[in-house]
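Participant: Below is a structure I'd like to ask you about.
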Amino acid sequence: MTESHCTKDIQKNISSSSSAPVPVSSPSPVFTELHPLMASPENNPSQEDRVEGQSGPAGPSCLHTAWSRFLKGVSYFSGDMEVFGKWMEKQFLLLQLLDWVLRGAAQVMFVNNPLSGLVIFAGLILQNYWWALNGFVGTLFATISALILQQSRGAIAAGLYGYNGILVGLLMAVFSNAGDWYWWLLLPNIFMSMMCPIVSSALASINTRWDLPVFTLPFNILVCLHMVATGHYNHHFPQVLIQPRSELPNITWSEIDVAKLFRSIPVGIGQVYGCDNPWTGGIFIISLFISSPITCVHAVLGSAVGMVSGLALSAPFEDIYFGLWGYNCVLACIAVGGMFYALTWQVHLLAITCAFFCAYLGSAIANIMSRFGLPACTWPFCLSALTFLLLTTGSKRIFKLPLANVTYPEKNLAFYWKLKKQEKAEKAAKESQEQLNAEITLNEKEQLKLELQRIEEGRQGSENNNTNVEETNRGDNSTELVLADYV
Amino acid sequence: MTESHCTKDIQKNISSSSSAPVPVSSPSPVFTELHPLMASPENNPSQEDRVEGQSGPAGPSCLHTAWSRFLKGVSYFSGDMEVFGKWMEKQFLLLQLLDWVLRGAAQVMFVNNPLSGLVIFAGLILQNYWWALNGFVGTLFATISALILQQSRGAIAAGLYGYNGILVGLLMAVFSNAGDWYWWLLLPNIFMSMMCPIVSSALASINTRWDLPVFTLPFNILVCLHMVATGHYNHHFPQVLIQPRSELPNITWSEIDVAKLFRSIPVGIGQVYGCDNPWTGGIFIISLFISSPITCVHAVLGSAVGMVSGLALSAPFEDIYFGLWGYNCVLACIAVGGMFYALTWQVHLLAITCAFFCAYLGSAIANIMSRFGLPACTWPFCLSALTFLLLTTGSKRIFKLPLANVTYPEKNLAFYWKLKKQEKAEKAAKESQEQLNAEITLNEKEQLKLELQRIEEGRQGSENNNTNVEETNRGDNSTELVLADYV
Amino acid sequence: MTESHCTKDIQKNISSSSSAPVPVSSPSPVFTELHPLMASPENNPSQEDRVEGQSGPAGPSCLHTAWSRFLKGVSYFSGDMEVFGKWMEKQFLLLQLLDWVLRGAAQVMFVNNPLSGLVIFAGLILQNYWWALNGFVGTLFATISALILQQSRGAIAAGLYGYNGILVGLLMAVFSNAGDWYWWLLLPNIFMSMMCPIVSSALASINTRWDLPVFTLPFNILVCLHMVATGHYNHHFPQVLIQPRSELPNITWSEIDVAKLFRSIPVGIGQVYGCDNPWTGGIFIISLFISSPITCVHAVLGSAVGMVSGLALSAPFEDIYFGLWGYNCVLACIAVGGMFYALTWQVHLLAITCAFFCAYLGSAIANIMSRFGLPACTWPFCLSALTFLLLTTGSKRIFKLPLANVTYPEKNLAFYWKLKKQEKAEKAAKESQEQLNAEITLNEKEQLKLELQRIEEGRQGSENNNTNVEETNRGDNSTELVLADYV
């Protein structure tokens, strides 16, 4: 009876010990960002602990319980909705597919949350039915293509193969010159969406060498490819005409419209999905807040930085109002500020710097791309965020998370704090050990002093002193000085 | 005496053990694609086996012998002409150089066969004497430069340093606006050809990190460099004028010429070498068939896919007739379809997808390059093939060959089948072992049941049961359930 | 006793064999070029040895002493001024910062010498006060930013974070269309300078995978970014108008001005810093000579190659006179000729080839960049030098130094010679051992011959011969032939 129990334990130990080194030794897997975290539901309470930690000293026990229940309730639909995701795993495939599509829609903003995805689709429908349809088709076929190509199921379930699809679908509809409800457009839309996982996988093969994500590079490549392959004059798939600016737009500062300027912040967030409706942008802000307040704050901050940069570089006001200066900065600010780095004050400043750099880069890339009749897409975000993620620094306060441990800013922060606590504990253990040694040395010093006094009184008993000397040498140098005087 | 002997042995062991990991740790060598295969002449019969395998059940013994003799004869001038290559190694250097140049000419199409190279040169001469001369000079000087720079002799002998040279030589002549027999052109031709091995080697240093070939990237880089450095208005080396299309070419589907459309398939294959003569294209098809029928089929298929894509994207008919939509797809389809992946149905579909993607990309790159007065060269092929080779997938039917084992599709397939057979054999061995274990467990189960009956009759003799339990635990869980009932 | 000795020897052998591959396998650290050298002051005399070695057989002892004293004096302000650098480490931070800024100014030409930096600033002031100020501000803020981002202190002290800053500052002033003393320009200047270490660090993360430096890529990226983001028509930061050449500039060879052509050589060197004043160029040549004569020679050579290439490709004379064909070749020729490769005749030829390739590439890139209103910057140098540094070759005379051991050409050469001497010594030791073995074998051979004679006289005593045979087999094959005749 006990024996059988015992062997079971051993089996468990073996299996756990064999699974433990896997995340360490495996050269960080391409898209398994949520894999290791899904396997450990006990990580979830850490978030509650953190929020509690912020809420100051613990209140009365009753309130405390209510608060923790509230947080438990919140955790069901905020963050990455892990519990829901686990429940989904046992459902019908079509229902699962819907979950993946919704998560894919939200992953554009680095949010792995089907509820946020639903809210985002609501925002898209508010903007334009036809665009929303194209976005849905894009996400769906990108996910299906990933399934056909047998990509990592965990990455598919996290929506990591869908977000390029939704952007491809949406932006191909946005930049099409054939008008809404031109059904033929679905053909290249489906083809390009299905190419997404191929391009994603290829880019991931390169980027994982530096433990970097692919961001929206597949979308950028595929939409630019489609637009430049067809162009404005194409008979089947004409694109809107984008031309380089060569004239001198007159800017009179008195004409500035402050209301529009402030409205450009939500519009900038909406422009991530190519939407210029401020209400749509507002809905997107809500969808971000549902999943992660830190992401939400950085999104708003990024959009504001973009607007300011536009004014600083004397961009035409119309472009700023239209949110064209904001959307790249939004994404760059989210990515650096808490998503791929653990959020500290230094990282927060880095995120803002990155947003400014991204705005600069955005202007540059828009000017270059316009020569080919292309929009800037999210190239500026990709390039600036990759640059800032490749940064190496001696500072310990700028901590880049391993790609496999990235989830959402709050959880990332908890992960970082856990790591730091461990380090501190180890350090403290070491220090206490050293202090112990130092105390022993101090005692020996005192003994030495006593002996010195004795020696000065009359030279005697130097033999057992010598044995002390040897032990003292392991201490610090000051004792040696004493000895130097003494010998 | 024996002791010194002993230490020597130990030293030997140490040195041998330290030298052993070297081939493991060395990052897969740059261009040794044919090296490991040249060393194993016993690989050759495997091709025969394969073809026999295809020819259905073995006929009468006499026919069988005749057939295998015929295949033996065929193997002398098909594939990579290994026997001829080995014979060549002992010849005079100039004769060897000729072999390398001919192989280099064929390597543009991934064919390592001097006979194919000879046929290709015949096709070039049919097209234009001056172009053929430039192509020959390019191949020759690229190979000489590789010799001077002491590149891998195996790669040089396989023509892997010549194929960029022939393309550089040919296309510089094709795009020169100075007319034929402008002898000064040989100067930049020789300079650029001699730069080929340098650029090849540099790119290989990068690409081998992902076990990728350099394809025709050196040619693309060097020809574009020459053309854009000089341009249309240069006094010494003027280029043909290439301008971006900005007007609206009217396409009336009634004007389509089906005969020309079909002729565009061989023309597309000819355009790989910049030739628009359909007969030249036909000769190239023959040269491909000599070495590898699979390559030949994919070349034709690729050209057809290119033509269809051109129609789908409403390209001007003239461009399609001229083969401009075909040549990149030809190369992409060959590369993915059997050359760098082992040919299965899944890979065949992937190759066709790649050809479609390549056509799309071709249109995009042609539009961008025309802004700088440049042709698309084979950039679309390189980029699309590299993307598809970087693809990682969970499917076992999409098997990318290690770069060092790539030869020609038929041999690659044999290599893949051999690997699969080995795996199967290992699996079968494992399974039979497991079955044996399971049977033992079953016997133990039956024994247990007997014991149970005995126990139910009267509790007795539980001691020797316990010993069985321990052994049973190594089996499966169902026995544990039995035990749970029992205890 | 003997046994313990024996085991110790074995341990030594093991440890030496296990420690030997470490420097090979270690991925050379990012920017520690001067680190390992600072730690070893005994490296310095090697330079003197080298120069002595060049000065032929040793003269009288008195002259010899004077000469070595002179060299000792020279070593204080030539090369990388190591002694001064070490003294600086203990100074006040602001003084240190000045040292770093001066070294940064010189590092554009790969010179790590504050005196050269001072001379270069003198040249810049001679050219234009405003530009010199911008250059100083750029270097200063780039260095400060590197300090804030806690980059490697050794790299900062070597000026490796400053050289991109000086170029960013200078060239933003040079290409600004707002005229001199437009103080607002300092704002983007400071921002872009502070971005330098970020972009440097990011690029270094990529380039170190191939043990490559980042060269002036951060400068190229940031200046192009600033220029294309603002453009000619910007209200705040207008840029000079750069347009693509489309007309046919008439070139009449009789109009060539040989004096100007020769003056284009120093002008080309001046253009590395964007200066067209030949005197400034001359001052720069002096600054190069102070630190490293080899660098100086290659700079002049590169400029000359650029001029010749310009004539060969029928460039407008004005461009050649203005030094636009020279500056990239100057840098490429310095980088390949002795800086990153150890200087041998083969490397010298490679450097000249690289300069020609760089000139070609320069023309190509200038034509492409002009479409976007951009200058060529030093893209051609970066791309051509990176290509030539990625080259792998079987030749032992083309030795690429590990990035961590790169200092200045003379010291690099000393390092290479030291390595070669070590190799030779090891080889000689091996050979003498083999010769010893061979002699033993020869003695055995002679013994065999004697025995043969004896046998021919009368067949006798073949038993002890057999034992000899076994030992002889370890020798060479010729003895086996003898034996074959004999048996």
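Participant: Inside region A:325-346, can you point out the residues that are out of contact with any helix residue (DSSP H, G or I) (no Cβ under 7 Å at 6 or more places or on another chain) and in a helix (DSSP H, G or I)?
Facilitator: Of everything in region A:325-346, those that are out of contact with any helix residue (DSSP H, G or I) (no Cβ under 7 Å at 6 or more places or on another chain) and in a helix (DSSP H, G or I) turn out to be A:345, A:346.
Participant: Which of the helices (runs of 4 or more DSSP H) found entirely inside region B:80-130 contain at least 3 residues meeting this: surrounded by 19 or more Cβ atoms within 10 Å (Cβ to Cβ)?
Facilitator: Where helices (runs of 4 or more DSSP H) fall fully within region B:80-130 and carry at least 3 residues being surrounded by 19 or more Cβ atoms within 10 Å (Cβ to Cβ), they are B:93-107, B:114-127.
Participant: In addition: Of the residues that make up region C:259-270, is at least one more than 18 Å from residue C:328 (Cβ to Cβ), assigned by the TED database to the domain that holds residue C:173 and part of a helix (DSSP H, G or I)?
Facilitator: no
Participant: Identify, by number, the condition in (1) in a helix (DSSP H, G or I); (2) farther than 24 Å from residue C:78 by Cα; (3) at pLDDT below 95 that residue C:145 doesn't meet.
Facilitator: All conditions are met except number (3).
Participant: Within region B:191-202, does at least one residue satisfy the condition of being within 23 Å of residue C:356 (Cα to Cα) and away from chain C (no Cβ under 12 Å)?
Facilitator: Yes - at least one qualifying residue is present in region B:191-202.
Participant: Could I ask something else about it? Return only the number of the condition from (1) modelled with pLDDT under 95; (2) crowded, with 24+ Cβ neighbours inside 10 Å; (3) among the small types (Gly, Ala, Ser) that residue B:246 does not satisfy.
Facilitator: Going through the list (1) modelled with pLDDT under 95; (2) crowded, with 24+ Cβ neighbours inside 10 Å; (3) among the small types (Gly, Ala, Ser), residue B:246 breaks only (2).
Participant: Could you tell me which numbered condition residue A:311 fails, if it satisfies all but one of (1) closer than 26 Å to residue A:209 by Cα; (2) over 13 Å from the mean Cα position of the chain (by Cα)?
Facilitator: Among (1) closer than 26 Å to residue A:209 by Cα; (2) over 13 Å from the mean Cα position of the chain (by Cα), residue A:311 violates only (1).
Participant: Considering only region A:70-105, state which residues are farther than 22 Å from residue A:288 by Cα and either of a type in the set (Asp, Glu) or not assigned by the TED database to the domain that holds residue A:147 (or both).
Facilitator: Within region A:70-105, A:89 is the sole residue that qualifies.
Participant: In this structure, does residue A:236 turn out to be at the interface with chain B (Cβ under 9 Å from one of its Cβ atoms), more than 21 Å from residue A:323 (Cα to Cα) and modelled with pLDDT under 95?
Facilitator: yes
Participant: A further question on this structure: How many residues does region B:208-229 hold that are free of Cβ contacts under 8 Å to residues at least 60 places away in the same chain, more than 14 Å from the chain's Cα centre (by Cα) and more than 7 Å from chain C (Cβ to nearest Cβ)?
Facilitator: 4
Participant: So is residue A:291 surrounded by fewer than 20 Cβ atoms within 10 Å (Cβ to Cβ) and of a type in the set (Ser, Thr, Tyr) or not?
Facilitator: In short, no.
Participant: Under 7 Å between Cβ atoms, which residue pairs at least 6 apart in sequence (or on different chains) link something in region B:415-434 that is among the aromatic types (Phe, Trp, Tyr) with a partner that is in a helix (DSSP H, G or I) and surrounded by 10 or more Cβ atoms within 10 Å (Cβ to Cβ)?
Facilitator: Note: pairs meeting the criteria are B:415/B:405.
Participant: Considering only region C:420-432, I want to know if a residue exists there that is of a type outside the set (A, V, I, L, M, F, W, C) and surrounded by 13 or more Cβ atoms within 10 Å (Cβ to Cβ).
Facilitator: Yes; the residues of region C:420-432 include at least one that is of a type outside the set (A, V, I, L, M, F, W, C) and surrounded by 13 or more Cβ atoms within 10 Å (Cβ to Cβ).
Participant: Going by what's in this entry, would residue C:206 be described as at pLDDT 95 or above and of a type in the set (A, V, I, L, M)?
Facilitator: It is true that residue C:206 is at pLDDT 95 or above and of a type in the set (A, V, I, L, M).
Residues are listed down the side, and each one gets a yes or a no for (1) farther than 17 Å from residue B:125 by Cα; (2) outside the structural domain of residue B:375 (by the TED database); (3) surrounded by 24 or more Cβ atoms within 10 Å (Cβ to Cβ); (4) out of contact with any Ser or Thr (no Cβ under 7 Å at 6 or more places or on another chain):
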site	(1), (2), (3), (4)
B:170	no, yes, yes, yes
B:181	no, yes, no, yes
B:200	yes, yes, yes, yes
B:209	yes, yes, no, yes
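Participant: I'd like the residue in region C:384-398 that is in a loop (DSSP other than H, G, I, E, B) and more than 7 Å from chain B (Cβ to nearest Cβ) and, out of all such residues, is modelled with the lowest pLDDT.
Facilitator: In this case the residue turns out to be C:396.
Participant: Please go through region C:66-104 and pick out each residue that is without any contact (Cβ under 8 Å) to a residue 24 or more places away in the chain and under 23 Å from residue C:167 (Cα atoms).
Facilitator: Scanning region C:66-104 gives C:94, C:95, C:98.
Participant: Which residue, of B:323, B:338, is surrounded by 21 or more Cβ atoms within 10 Å (Cβ to Cβ), more than 14 Å from chain A (Cβ to nearest Cβ) and closer than 22 Å to residue B:114 by Cβ?
Facilitator: B:338
Participant: Here are the criteria: (1) away from chain B (no Cβ under 14 Å); (2) of a type in the set (S, T, N, Q); (3) surrounded by fewer than 21 Cβ atoms within 10 Å (Cβ to Cβ). Tell me which single one residue C:303 does not satisfy.
Facilitator: (3)
Participant: Any idea which residue in region C:370-383 is farthest from the other protein chains (Cβ to nearest Cβ), counting only those that are assigned to a helix (DSSP H, G or I) and modelled with pLDDT of 95 or more?
Facilitator: Among those residues, the one meeting the criterion is C:381.
The values are calculated or read from the model by the stated rules, or taken from the named source; none is laboratory data. It should be emphasised that the depicted structure is a prediction, and the values quoted were computed from it without experimental measurement. Cβ coordinates were reconstructed from backbone atoms using ideal geometry, including for glycine residues, and neighbour counts include every protein chain displayed.
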